[in-house]
1. Does the range 72-117 come out rounded, prolate or oblate by the C-alpha gyration tensor, with a ≥ b ≥ c the root eigenvalues, rounded set by a/c under 1.5 and, if not, prolate when a/b is larger than b/c and oblate if not?
2. Expressed as a rounded percentage, what relative contact order does the range 1-149 have, with Cα pairs under 8 Å and six or more residues apart?
3. So how do 66-75, 29-38 stack up, highest first, on mean other-Cβ count within 10 Å?
4. Using the basic label-point model (7 angstrom from Cα toward the beta carbon), what is the residue 221 to residue 107 distance in nanometres?
5. Please label the shape of the range 73-189 as rounded, prolate or oblate, based on the square roots a ≥ b ≥ c of the eigenvalues of the alpha-carbon gyration tensor (a/c under 1.5 means rounded; beyond that, a/b larger than b/c means prolate, else oblate).
6. For a Förster distance of 25 Å, can you work out the FRET efficiency between the beta-carbons of residue 10 and residue 212, rounded to the nearest 0.05?
7. If packing is taken as the average count of other Cβ atoms within 10 Å, what order do 99-109, 10-20 fall into, highest mean first?
8. How much length is gained if the chain between residue 94 and residue 136 is pulled fully straight, taking 0.36 nm per residue apart and subtracting their Cα-Cα distance, in nm to one decimal?
């Protein structure tokens, strides 16, 4: 009996006007594993993640996420994904608690889950302040809570520990660990330590790499 991969990309490409960002990207990510994606700025990492999150359409190739063809079946997969990008996707006028309760209603999640996550990331005392008054690190903690609120089947993480001090990283890391993940990171050693598979992007093209830090660093040379 075979098990379909959680993510499968075959010959995927994407361009912005005349500039090709991704070309002929192919890989498979088995369920329960972590794919770490490395590459210099502009290599196409975020573009790839946004395609998997159904936020961008591929211009070439085939993308399948959790058994659904994208973008045609994006409706079937969005509620099963947890996406943490550069933007927190929070309403600045609402408090952390209000934001999470809003998302909880969308996903049919109880309020106790919201309160538990806020406690887990050390935000109980600031949870009722508007997002716009919180530090970037605190906003990132709340964004992590939003991404995992509905216990998604696949986490799509773009530099999830950005703006966090070591103490905050220690709080949020357990929420982002385990399960099936695609992780973008500039932290070579840290990313490799979390990865089962390693994808390198350079010059709009992709290559599957081993767990060799020196090999990954060449992407940034």
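1. Verdict is oblate for the range 72-117.
2. 20 percent
3. Details: 66-75: 15.3, 29-38: 20.1.
Packing proxy ranking, top to bottom: 29-38, 66-75.
4. 4.2 nm
5. Since a/c reaches 1.5 but b/c is at least a/b, the shape of the range 73-189 is classed as oblate.
6. On the way: r = 25 Å, r/R0 = 1.02.
That pair, residue 10 with residue 212, gives E of 0.45.
7. 99-109, 10-20
8. Details: separation 42, 0.36 × 42 = 15.12 nm, distance 1.54 nm.
Between residue 94 and residue 136, full extension yields 13.6 nm more.
We did not get these values from a lab; they are worked out from the coordinates using the rules stated. Computed from a predicted structure; not experimentally measured. Counting neighbours? That spans all protein chains shown, and the Cβs are built from the backbone with ideal geometry, glycine included.
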